[in-house]
Amino acid sequence: MRNRVFIIAVFLIVLLTSCQTVSSVPDYSDPSLWAYYAEGDGLDADLFIIAPTVDMGGDGNSNMSLSDEETKEALIGALNMERGIFDEYTTMYSPFYRQMTFPVYDRRESEEGTPIDIAYSDVRNAFIYFLDNISIDRPIIIAGFSQGAQLSLMLLEEFFSDEALQERLVAAYIIGWHVNDEDLAKYPHLKMAEGEDDTGVIVSFNTEAPGITDSIIIPEGMKTHSINPLNWKTDNTFADRSLSEGACFTDYSGSITKEVENITGAYIDEERGTLIAIDIIPSDYSSSLFPDGVYHLYDYQFFFRDLQSNVGERLQSFLNARNAGMSA
């Protein structure tokens, strides 16, 4: 992933030279440019959550237009599918942004070039507004899935070397994207979760069936860092399906349409670092976007209740430590 030191200069060049039409730079002081704005006001932490890819690039576009109201509704719907994991504990904020479209990922071009610069520029500007005007000295949770996780990681890389900001980080849920040794070496302030209640850390995993060797998220030959949401271990210790708190399958309103207890056991693959779900029949979760056995679309849903409990546990751990520090 490229160094983003010159992101502003690069983006100005993009605006002048790009041959594709994208909407103008958004001004995030306008609440209408937020998919979530102070949802659940008054809770213990602020959530900055970034939506996954919903624009399929049907018009040949590489970035979503912010004047595309239909796709913006889909973006809200995708966020709603995840919100139940966080909404008991956090006041939620999420910007509309000119996200990369799915063909950019399908071509494996999502980490270089104009589309990522446009998407990250928007998220970056929204986050700066969030820090300067909204979340003042409050605990922060960063979250995203898929493209949202990729952009969340980029925020951590750029902003959280600042010790004061890092001290406010409860956790970052970087799910459905990779965090590899190169990332950790380049950005030594990044810390992976090592248990169920450590704070200031990255929680990450990508779910696959046994035998998968390649995906657009974890290319063949890459090893990502993961934690198992069933036993909160980072090695290949097997977690039986009895440890699963429940899978929840949600719709665009955020309603749970189906809940399955003890859906699968899982372990972390030693070579790829992916989370291997062993009790899932791949054909039961087929998608036109991914090969059978790449359970990317279900990373949150398979482990919904486990993640929901974990958000509460990490936040309580953070608040306990903060309160102890204030009383010392």
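Observations, loosely collected:
- Criterion applied to Glu69, Glu82 was being modelled with pLDDT of 95 or more, surrounded by fewer than 16 Cβ atoms within 10 Å (Cβ to Cβ) and of a type in the set (D, E, K, R), and the one residue passing it is Glu69.
- Scope segment 288-318; condition more than 24 Å from Val170 (Cα to Cα) and more than 20 Å from the chain's Cα centre (by Cα); matching residues: Ser288, Pro291, Asp292, Gly293
- Scanning segment 10-41 for residues that are at pLDDT below 90 and either of a type in the set (S, T, N, Q) or at positive phi (or both) yields Thr17, Ser18, Gln20, Thr21, Ser23, Ser24.
- Residue within segment 144-157 that is over 15 Å from Ala51 (Cβ atoms) and not hydrophobic (A, V, I, L, M, F, W, C) present: yes
- Filter pass, Phe86 being within 26 Å of Glu157 (Cβ to Cβ) and in contact with a Leu (Cβ under 8 Å, 6 or more places away or on another chain): yes
- Residue within segment 279-287 that is part of a loop (DSSP other than H, G, I, E, B), touching a helix residue (DSSP H, G or I) at 6+ places or on another chain (Cβ under 6 Å) and not acidic (Asp, Glu) present: yes
- Selected residue [closer than 30 Å to Pro103 by Cα and within 17 Å of the chain's Cα centre (by Cα)] from Thr207, Thr213, Thr199, Thr257: Thr207
- In segment 147-196, the qualifying residues are those that are assigned to a loop (DSSP other than H, G, I, E, B) and polar (S, T, N, Q), and the one that is farthest from the chain's Cα centre (by Cα) is Ser161.
- Of the residues making up segment 246-267, those that are assigned to a loop (DSSP other than H, G, I, E, B) and over 16 Å from Ile278 (Cα atoms) are Asp251, Tyr252, Ser253, Gly254, Ser255.
- Among (1) loosely packed, with under 15 Cβ neighbours inside 10 Å; (2) without any contact (Cβ under 8 Å) to a residue 24 or more places away in the chain, the one test that Leu289 misses: (2)
- Subset of segment 114-136 [part of a helix (DSSP H, G or I), small (Gly, Ala, Ser) and closer than 25 Å to Gly42 by Cβ]: Ala126
- Being without any contact (Cβ under 8 Å) to a residue 12 or more places away in the chain and acidic (Asp, Glu) is a description that does not apply to Asp279.
- When Ser255, Ser244 are screened for being closer than 26 Å to Ile141 by Cβ and buried (at least 20 other Cβ atoms within 10 Å of the Cβ), only Ser244 passes.
- Selection status of Met56, surrounded by 20 or more Cβ atoms within 10 Å (Cβ to Cβ) and over 17 Å from the mean Cα position of the chain (by Cα): no
The values are calculated or read from the model by the stated rules, or taken from the named source; none is laboratory data. Nothing here was measured: the structure is a model prediction, and the numbers come from that model. Reconstructed Cβ throughout: ideal geometry from the backbone, glycine too, with neighbour counts over all protein chains shown.
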